[in-house]
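Asker: Below is one structure. I have some questions about it.
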Amino acid sequence: MLEPKAVELFRDYSKIPEPKRNTLYQMFTAPEMKLRYPEWEREARSLIESFRAAFDFWSEAPEFVDLVEELKSLSPEFRRWWKEHGIRLQPSGEKLARHPKLGWIRMSYATFQCNDNPDLRLVVYGKPVPVRG
């Protein structure tokens, strides 16, 4: 279960059916994601380009293929950008998001991959900084 502050920032994933608890799936199918990220297109493209790097490694796995096919059927943006074959890993950076209590915030983040198990990744976010406007 996510901590209350994480739920405020990222949504309550416990209320989402398990098969849909996927950041990529949520980014392209949940309408509120476009409201949460003012730079939604940049965020969504970055996510799809990062996912493609993993997909190329796991392209025979049925769950990866099924996820891509479902997203292609549900999201015209996913379908269009998936055809571009972009691959880009962005292990660190900043995100601009709308926090339900703080308003617009900017967060830095860094992604770490486990050397012993490349399937495991950890994303660490810095303290949200309110954006003045």
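Read-outs throughout are calculated quantities, based only on the coordinates presented, and are distinct from any laboratory measurement. The model shown is predicted, which means the values in this text are computed figures rather than measured ones. All Cβ positions, even for glycine, are placed from backbone atoms using ideal geometry, and neighbour counts span all protein chains on display.
Asker: Note the full-extension length gain between Ala53 and Lys20 as 0.36 nm times their separation in residues minus their Cα-Cα distance, in nm to one decimal.
Answerer: 9.8 nm
Asker: So which lysines pass the test for Lys83, namely a Cα distance under 16 Å, with those fewer than 8 places away in the same chain ruled out?
Answerer: Answer for Lys83, where 16 Å is the Cα cut-off: Lys72, listed by chain and number.
Asker: Calculate I(q)/I(0) for segment 36-96 by the Debye formula, one identical point scatterer on each C-alpha and no solvent, and give its log10 at q = 0.17, 0.23 Å⁻¹ to two decimals.
Answerer: Log10 I(q)/I(0), no solvent term: -0.60, -1.01.
Asker: Something else now. Could you state, as a whole-number percent, how many of the C-alpha pairs of segment 4-130 are farther apart than 23 Å? Present the calculation step by step, with values, prior to reporting the outcome.
Answerer: Working: 2753 of 8001 pairs.
Of all Cα-Cα pairs in segment 4-130, 34 percent lie more than 23 Å apart.
Asker: What list of whole percents do you get for P(r) of segment 7-63, with Cα-Cα distances grouped in 10 Å bins up to the one holding the largest distance?
Answerer: 20, 48, 29, 3
Asker: Taking the Cβ of each residue in Glu18, Glu77, Glu94 as the centre, tally the other Cβ atoms inside 10 Å and list the residues starting with the fewest.
Answerer: Numbers: Glu18 8, Glu77 16, Glu94 11.
Listing Glu18, Glu77, Glu94 from fewest to most nearby Cβ atoms yields Glu18, Glu94, Glu77.
Asker: Return, ordered by residue number, the residues of segment 103-133 whose backbone nitrogen is under 15 Å from a label point located 7 Å along Cα→Cβ of Phe10.
Answerer: 107-113, 120-128
Asker: Not counting the cut sites, what is the longest span of the chain without trypsin sites (Lys or Arg not before Pro) that DSSP labels loop and that have at most 11 other Cβ atoms within 10 Å? Present the calculation step by step, with values, prior to reporting the outcome.
Answerer: Working: sites that count: Arg88, Lys101, Arg132.
The segment 1-87 is the longest one with no such site.
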